[in-house]
Each structure stands twice: as C-alpha cells, then as structure tokens.
Amino acid sequence: MIQENNFDVFVEQFADIRILRYKINGFDQLSLERKKLLYYLSEAALAGRDILFDQNYKHNLLIRDVLEAIYSLVSTREDDKDLLLKLETYMKRVWFSSGIHHHYSTDKFIPEFSETDLRKWLMWLDEEVVRKWSSLPTGEFIDFIVSEIMDASVNAKRVCQAVDVDLVAASANNFYEGVTQDEAESFYNAKKEQDGDEPVSHGLNTRLVKENDVISEQTYKVDGKYHGAIKRIIYWLDKSREVAETDQQKLVIDLLINHYTTGDLKKFDEYSIAWLKEQEAMVDFINGFIEVYGDPLGMKGTWESLVNVLDKQETIKARLVSENAQWFEDHSPVAENHKKKKVQGVTMKVINAVMLGGDCYPATPIGINLPNADWIREKHGSKSVTLNNITESHHLASLKTGLIEEFAWDEAEVAKYKKHGALADNLHTHLHECVGHGSGSMLPGVKMEDLKAYGSVIEETRADLFGLYFMADEKMVELGLIPSLEVAEVQYSSYIRNGLMVQLARIKKGDNIEQAHMRNRQLICKWVYEKGQEKHVIEQRERDGKTYFVVTDQAQLRELFGALLKEVQRIKSEGDYLAAQKLVETYGVEVDRPLHDEVLERYSKLGLAPYTGFVNPVLAPVSDGEGNIVDVTASYSESFTDQMLRYSRDYHHLEAQRV
Ligand code: ZN
C-alpha cells in the first residue's frame with residue numbers, strides 16, 4: 001500500500017507539534033475532469049480559512065495580521081537569531097491552532113519572547129499600517145496587542161467546560177456576544193419548542209448577540225456574517241458544479257450554495273441528506289459549519305472542509321467487512337438477547353485526502369461520520385469515511401521516531417510491527433466502524449441517553465472490543481483481509497502498549513484522563529490486564545528500570561476481549577448506568593502515577609511532539625494559454641511557513657475586526 005518509499009512525510013517540528021505531509025495516491029492517473037473538480041473544490045476548501053480564525057476568537061485575525069506584519073520586519077531587522085526563532089515558533093502555533101488558543105486543550109498559549117521584545121517589534125510597524133487595524137492611539141494599540149498575546153489570564157480558554165460557571169462568559173470563542181449562558185439557552189429552547197420531528201440544528205450557523213437589550217442572530221451567509229469568505233466559497237463551488245461527476249453531486253452542490261446564500265438551515269439538512277446519498281462519485285467533499293466541539297453549549301458549528309478521492313483498493317476491503325456483518329453478529333460473544341436479529345453493516349468509504357481546510361487543517365481527523373443531526377441519521381443513515389493517506393503518513397512517520405523501539409519489549413515485536421502495523425490498524429478501524437458500532441441491540445425501552453455522560457466511552461469501548469475480538473478470527477484470513485493471524489498479534493501488542501503506556505504521554509503530569517477515546521483504551525487494557533493476571537496473559541516486565549507490557553497469550557487475551565465485550569454490550573443493552581459508571585471510573589479515568597511519570601520521561605527523551613498536523617499538497621492548474629485548464633498538478637514540497645503565508649495572502653477574505 002505504500003507505493004513510494006522516497007516520499008518523506010516529515011516536514012518539521014515545533015513546540016508540541018509535528019508537521020507531516022500526505023500524498024494523494026493515484027492523483028496523476030485521474031481524468032482531467034476529476035482533477036479539475038478536485039482543484040475547484042480545493043479552492044473552496046481554502047477560501048473559508050479566515051472564518052475559523054474569527055470563530056475561534058474575535059481578535060485572532062487581527063493578531064495573525066499583526067504577527068505576519070512584524071515577522072516580515074523582524075526577519076530582516078532582528079540580529080538575535082534565537083529571538084527570531086521564538087517569534088517564528090509562536091506564529092506557527094497561532095497558524096496551527098487557527099488562533100491564540102491551543103487547538104486541543106483550548107488554553108491560551110504564551111510565547112517565549114518577552115513583552116519587551118514584542119513592544120520593540122510593534123514599534124517598528126508603520127503608523128499607516130496600524131491605522132488599518134485600529135483607531136486607538138498607537139501606544140494604546142500596542143498595549144492592547146501586548147495584553148492579548150502575553151497575558152494568559154485575558155480570555156484564557158477558548159472552550160470552557162467547567163461546572164458551576166457561565167460557560168458562555170468563560171469561553172473566549174466568538175459565538176456569543178453580550179449574552180449569558182441562560183439567555184442563550186432560553187433563546188434556543190424557545191425555538192426548540194416549535195420543533196417537529198425533523199428539527200433543524202438551531203444556531204449552527206449563527207452568532208448570537210445582544211444589542212440594546214435585544215437578542216438576535218447574525219447568520220453566516222451571503223450579505224451576512226462572513227460574507228467575504230462565503231462569496232468566494234460559492235464562486236468555487238459554482239465552478240465545481242460544471243464538472244460534477246453525477247447529477248446527485250450537482251444536487252449536493254446546488255443545495256450547499258443555496259444554504260450559503262440564504263443561511264437557511266433546512267437547506268443544510270437537505271444538503272446533508274443529498275450528500276450521504278451520493279455514493280457513486282469518486283470525488284467527494286464536505287464544506288460547511290459542521291462540528292460543534294468549539295461551543296461549550298454544543299450548538300455552533302465551526303467551519304471546515306475536506307476534499308477527497310476514493311481509495312478503491314481499501315474500500316473493497318471495508319466493503320468485505322460490511323457485507324459479512326451478519327456473520328460477525330452471529331459469531332459475536334455477546335448474550336443472544338443482546339444481538340441484532342438482522343444486522344446491516346455500514347458501508348464505509350476509504351478515501352485519500354486531497355485538501356484539508358478550516359477545522360480539518362492542519363490537525364485532521366482520520367475518520368469522519370456525518371451528518372450529525374440525529375433525525376437524519378435515524379431516517380437516512382450516515383456516511384462514514386476513513387482517510388487512508390493520512391493514516392499512512394502517521395504510520396510512516398511513527399516508524400522513524402524510535403517510539404516503538406522504546407516501548408516494545410524486543411526486536412521481534414518491533415519487526416512485526418513494522419511489517420504489519422499499518423495493515424493491522426486499518427483492519428481494526430474497518431471492524432470498529434463498519435460492524436462494531438452497528439452491532440448489538442437495546443432491550444425495549446432502553447435508550448442510549450440512559451448511560452448519560454458515560455455513553456460515549458461505553459460506545460467506543462464496545463466498537464473497539466468488537467474489532468479486537470474479530471481481528472484474531474480465522475475468518476479474517478479466510479476473507480483475504482490479512483495474510484495470517486500474526487497481524488492480529490501485532491494489533492494486540494500495540495493496542496496494549498498504547499492503552500497502558502504510550503497514550504499517557506498526552507496527559508499532563510498529575511492529571512487524569514478526560515478524553516473519551518483515551519478513557520476507552522485504558523479501560524479495555526487495564527481490565528484485560530487485571531483479569532488475565534493470574535494466567536499471565538499480559539506480563540508486566542522490567543528492564544533497566546523501564547516498564548514493558550508484553551502479551552504472552554494471544555488466545556487467552558482474545559477470550560478476555562470477548563468477555564469484556566459481552567459485559568459492555570450488556571451495559572448498553574440494559575442501559576445499566578451504575579455498571580457503566582463503575583467500569584469507566586475504575587479502569588478508564590485514573591492514571592497510575594509512577595507509570596505516568598515514567599512514560600512522560602521516556603517520551604520526552606525521544607523528543608517527540610504529541611500532536612500532529614499536515615501541510616496540504618499544492619494543486620496547480622496548467623493552462624493552454626487560452627484560459628482552458630489542460631491539466632492539474634499536485635506537488636509536495638511547500639514548507640509549513642510558506643504555505644501559511646501563501647494562504648494568508650491568497651485567501652484573506654475577511655477583514656480583522658478593528659479595535
Ligand atoms: Zn467509534
């Protein structure tokens with residue numbers, strides 16, 4: 001699957017971030033029409049870049065402008081190279097996070113240069129340039145920028161999830177202005193009271209403001225909020241429409257343009273339904289206000305885009321898993337009355353990313369399952385995709401970090417991982433997504449909400465276990481999905497390594513695990529470790545003061561995965577909240593302190609960054625001289641800084657808010 005070994009995925013590393021590159025497998029072999037379609041959709045994916053910066057925090061665009069302006073001065077005038085590096089690092093972090101708050105923790109991060117340095121650089125700015133941004137006297141403007149960048153207590157967190165505070169007031173994002181959490185909630189509750197059985201996602205594409213005691217929404221649309229960027233998105237969508245692959249895809253684009261033009265959320269639902277029904281075309285994309293993680297109230301969608309092309313080979317494998325859904329259900333170790341009588345696999349598409357934009361860039365998901373609206377999912381289903389070339393880059397990069405060598409017990413384990421790691425991981429994902437989530441049934445009257453805050457951890461645990469259990473089934477070899485069960489062995493040992501140790505590198509010293517996927521991994525690993533202790537299924541070993549977890553009995557481990565799957569399915573089927581709580585709190589939340597410290601120390605010696613993002617390829621149209629595109633090329637040599645500066649120059653479609 002990895003076709004070219006000379007393609008270097010590693011770009012650079014700074015702060016806690018590693019930048020990689022991904023390749024569009026098979027791009028050169030695509031037809032001209034498809035290349036054009038990808039190019040136009042890619043332009044639409046980049047055109048909305050400024051929107052996300054502004055949504056994340058209202059002064060992000062201004063701060064980005066200011067940083068880029070001082071960078072162009074400092075890079076030629078500053079003699080202190082260390083200082084220049086500190087400015088570059090901070091600027092890269094702002095680009096990476098689309099703002100001044102960490103993309104993952106959402107805490108404001110502070111540069112390594114001093115306030116004095118920053119003041120000096122700001123003084124170098126032309127008065128004229130400052131006037132573009134502000135009507136404040138220059139001294140006051142400088143004070144303002146200094147406090148925005150240097151003071152961690154000013155707008156400290158982008159998304160606040162704490163209890164007993166006004167979440168709207170405590171969050172620095174730009175979705176609300178002048179309203180309290182109570183006001184926002186009653187505003188939307190009033191709307192929800194009018195809902196029928198096909199409710200729109202209220203507030204998804206608006207900013208809620210209170211002016212002169214009146215609360216109203218500013219809609220993201222043509223002639224509304226974000227007009228400048230949305231107009232450009234529509235321009236490129238219009239062009240892509242002309243080369244759409246199918247009529248259904250034309251319909252998708254038409255509905256999306258209509259939604260962007262009117263701001264009508266009904267149209268967004270229609271677009272989402274048309275999109276999930278579009279199954280024929282090789283080229284596909286998402287573009288819009290979609291995920292709501294950036295809003296503590298879970299209503300406002302951040303703008304994102306992903307342009308992609310089908311990976312035929314991998315899709316065939318995923319379909320094979322999906323087509324055998326009933327076999328998996330029949331052979332699942334869960335109780336008979338918790339099984340589905342008739343189960344249908346989800347047809348998952350495996351794709352290669354072509355362009356990442358907005359909230360998918362530079363940090364990108366490795367899988368997407370949309371649309372989000374519950375009623376659409378129930379009535380029409382959903383479309384699930386995994387990003388093959390992104391996973392591939394992650395994997396290739398991981399082989400060179402020394403991470404596996406550090407945490408694997410011996411050379412044999414390392415060698416097997418290098419041989420099968422990518423294949424093992426892909427298959428686990430297919431099983432998790434195509435059959436895992438869809439398996440099992442609820443007893444009458446039981447709802448997913450019964451598990452409350454533990455619902456998502458239990459659900460991910462269930463899907464992961466389903467995958468782990470079946471990975472080691474002869475059926476996998478029979479279906480031709482893996483050459484031998486050695487692939488399962490690799491998945492088992494890497495899953496245990498990760499769940500018990502490696503993933504702890506993402507947790508700050510002294511903290512516990514909060515994130516759902518991390519909780520589910522530790523839960524599974526700790527549980528099977530404990531239950532298998534007597535029979536030494538997984539051995540904790542020590543060498544040179546370092547801890548290792550070694551799987552010594554694959555067959556028994558599989559039995560344990562099956563046993564836990566049975567219990568987790570029971571919890572879900574019966575809606576057993578107390579059991580869910582006990583399982584998650586006992587195994588998934590608390591971190592083993594000494595082990596955590598050890599992992600942090602070993603990890604830090606490797607000099608690795610815990611977060612990864614990507615630079616995009618450069619797609620360039622080739623013209624025949626008469627305005628016709630005769631080819632589109634993809635190249636992979638642009639640096640992170642060059643790409644960001646180019647994007648700021650070419651896609652600067654929104655004005656920074658003046659101060
Ligand atoms: Zn999942």
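The values are calculated or read from the model by the stated rules, or taken from the named source; none is laboratory data. What you are looking at is a predicted structure, and each value in this text was computed from that prediction instead of being measured. We place every Cβ from the backbone using ideal geometry, glycine too, and count neighbours over all the protein chains shown. To get the accessible areas, we keep the full protein, side chains included, count just its heavy atoms, and leave off ligands, DNA and RNA. Shrake-Rupley method; radii C 1.70, N 1.55, O 1.52, S 1.80 Å.
When the accessible area of the chain is computed with all protein chains present and a 1.4 Å probe, what percentage of it is carbon and sulfur? Don't skip to the end; give the middle numbers.
Numbers: 13220 of 27620 Å².
That fraction is 48 percent.
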Report, in whole Å, the centroid distance computed from the Cα atoms of the range 33-75 and the range 258-281.
25 Å
Of 325-334, 38-47, ordering from highest average Cβ density within 10 Å down gives 38-47, 325-334
In debye to the nearest 20, how big a dipole does the chain give about its Cα centre with +1 on each Lys and Arg Cβ and -1 on each Asp and Glu Cβ?
680 debye
Nearest 10 degrees, 0 to 90: helix 247-262 Cα axis against the chain principal axis:
50 degrees
Within the range 427-522: Cβ-based charge dipole about Cα centre, in debye rounded to nearest 20 (Lys, Arg +1; Asp, Glu -1)
480 debye
Give the Kirkwood hydrodynamic radius (Å, one decimal) of the range 332-427, defined as one over the mean of 1/r across all pairs of different Cα atoms.
16.7 Å
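Taking only the alpha-carbon atoms of the range 310-612, what semi-axes of the equivalent ellipsoid follow from 5 times the gyration tensor eigenvalues under a square root, in whole Å, largest first? Mind showing how you got there, number by number?
Details: eigenvalues 161, 109, 84 Å².
The three semi-axes for the range 310-612 are 28, 23, 20 Å.
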Mind listing which GluC sites (Glu not before Pro) in the range 529-628 are in a DSSP loop and have 16 or fewer other Cβ atoms within 10 Å?
534, 590, 626
Just to confirm the number: angle between the C-alpha axis of helix 388-398 and the first principal axis of the chain, 0 to 90 degrees, nearest 10?
80 degrees
Separation of the residue 8 and residue 209 label points, Cα + 7 Å toward Cβ, nm:
4.8 nm
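How big, in percent, is the set of alpha carbon pairs in the range 176-219 lying more than 13 Å apart? Spell out each step's value before the answer.
Details: 520 of 946 pairs.
Roughly 55 percent, rounded to a whole number.
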Using DSSP to define loop residues, name the trypsin sites (Lys or Arg not before Pro) in the range 556-606 whose beta-carbon has at most 13 other beta-carbon atoms within 10 Å.
none
Calculated FRET efficiency, residue 189 and residue 401, Cβ-Cβ r, R0 56 Å, to nearest 0.05?
0.70
Please provide three numbers in whole Å: the alpha-carbon extents of the chain along the principal axes, with the largest listed first.
74, 59, 59
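Using Cα pairs closer than 8 Å and at least 6 residues apart in sequence, work out the relative contact order for the chain, in percent. Write down the numbers at each step before the final one.
Working: 1078 pairs, mean separation 122.8, N = 659.
RCO, the chain: 19 percent.
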Give the angle, between 0 and 90 degrees and rounded to the nearest 10, that separates the Cα long axis of helix 32-47 from the longest principal axis of the Cα atoms of the chain.
70 degrees
Using the Kirkwood radius over C-alpha pairs as Rh, can you work out the diffusion coefficient of the range 1-134 via Stokes-Einstein at 25 °C, viscosity 0.890 mPa s, in µm² per second?
138 µm²/s
The range 595-651 to the range 235-255: how many Å between their Cα centroids?
27 Å
Roughly how many Å is it from the Cα centre of the range 173-234 to that of the range 106-149, as a whole number?
31 Å
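Would you please put 635-641, 65-71 in order of how densely packed they are, using the mean number of other Cβ atoms within 10 angstrom per residue and starting with the highest? The partial results should precede the final answer.
Values: 635-641: 14.1, 65-71: 20.6.
Averaged packing, sorted descending, gives the order 65-71, 635-641.
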Taking 8 Å as the Cα distance limit and 6 or more residues as the minimum spacing, I'd like the relative contact order of the range 310-612 as a percentage.
22 percent
With +1 on the Cβ of every Lys and Arg and -1 on the Cβ of every Asp and Glu, and nothing else charged, how large is the dipole of the range 199-296 about its Cα centre, in debye rounded to the nearest 20?
300 debye
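What is the range 1-101's relative contact order, in percent, from Cα pairs under 8 angstrom and six or more apart in sequence?
Values: 49 pairs, mean separation 22.9, N = 101.
That works out to 23 percent.
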Solvent-accessible area per residue, Å², over the chain with all protein chains present [probe radius 1.4 Å]:
42 Å²
Could you tell me what fraction of 2.2 N^0.38 Å the Cα radius of gyration of the range 436-594 comes to, as a two-decimal ratio?
1.06
